[in-house]
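Working notes for the structure below.
Read the figures in this text as sums done on the coordinates, not as results from a lab. Please read these numbers as outputs of a predicted model, since none were measured by experiment. Heads up, the Cβs are rebuilt from the backbone with ideal geometry, glycines too, and the neighbour counts pull from every protein chain shown.
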Amino acid sequence: MSHFVDASLIAADSALRTLFAPHRASRPTPVATTLEAVPGDLSESDQALSGALMRVNHVGEICAQALYTSQALAARLGSGPWQQREALARHLEAAGQEETDHLAWCKQRLDELGARPSLLNPLWYAGAFGIGLLAGRLGRKVSLGFVIETERQVEAHLDSHLDLLPAQDHASRAVVQQMKADEIRHADEAQAAGGMELPTPVKRLMLGSAKVMTTIAHRV
């Protein structure tokens, strides 16, 4: 019972910190190798577009925190040798820490662009937490496979944003490029740790759910 309470308190604390506390990155904000654009260098329409795209990316990082937290919780509360469950939980939490950097970078860029985060962040967090908890309860290979597929889809999503972001918005583009590099590494690490390939219907369901989220978050 004590183990359950401790793990649940950790998950609850993570949720509150993600949704309501300021975020501090452990790494410096990525900067462009070329001259950075500032909001004043962007037209009003380009600034609005960048703000909407970075709001979607910020929502993605809210969801990433929920997914990693819930999967770590499921690992700790699952069956099997405690050392293996704890090792998986720590693996997920380490990746989640880098996602906290992404969260801080996206929020900083939103502030610079004069844009706001999504008004539905608590809803996005709750939905992602439930999905991650389910994936985590299905075992180590499925949980890590879910990480692999999630990060692969995020990689493709970030690629599309690099196509959509205004060419002169070097600041946003630098953040997105570093996020993409981190997501690729997280997927590779989960695969090396034994993650399985998810069935095609599950991948399509994940893609469809992400499409709904990104479409709404672009505006709300």
Exercise for review: Take the alpha carbon atoms of the stretch 74-122, find their radius of gyration, then divide it by 2.2 N^0.38 Å using N residues; give the quotient.
Suggested key: 1.69
Check your understanding: Using mean Cβ contacts within 10 Å as the protection proxy, how do 69-75, 121-127 order, highest first?
Key -> 69-75, 121-127
Point to revise | Normalised contact order of the stretch 136-193, rounded percent, pairs of Cα under 8 Å and 6 or more residues apart | key: 50
Point to revise | the chain - mean residue ellipticity at 222 nm from DSSP helices (-39,500 (n - 2.57) per run, n ≥ 4, rounded to 500) | key: -27000 deg cm²/dmol
Check your understanding: trypsin sites (Lys or Arg not before Pro) within the stretch 111-161: which are DSSP loop residues with at most 16 other Cβ atoms inside 10 Å?
Key -> none
Study note, to complete from the structure: Listed by chain and number, the lysines with an alpha carbon less than 29 angstrom from that of residue 141, same-chain partners under 8 positions apart left out, are 180, 203, 211
Review point. In 5 Å bins starting at 0, how do the alpha-carbon pair distances of the stretch 48-154 split up by percent?
Key: 2, 14, 22, 22, 16, 11, 7, 4, 2, 1, 0
Revision key, fill the gap. Measuring from its Cα centre, the chain shows a charge dipole (+1 at each Lys and Arg Cβ, -1 at each Asp and Glu Cβ) which, in debye to the nearest 20, is 740
Check your understanding: Against the longest alpha carbon principal axis of the chain, how many degrees, from 0 to 90 and to the nearest 10, is the axis of helix 121-137 turned?
Key -> 30
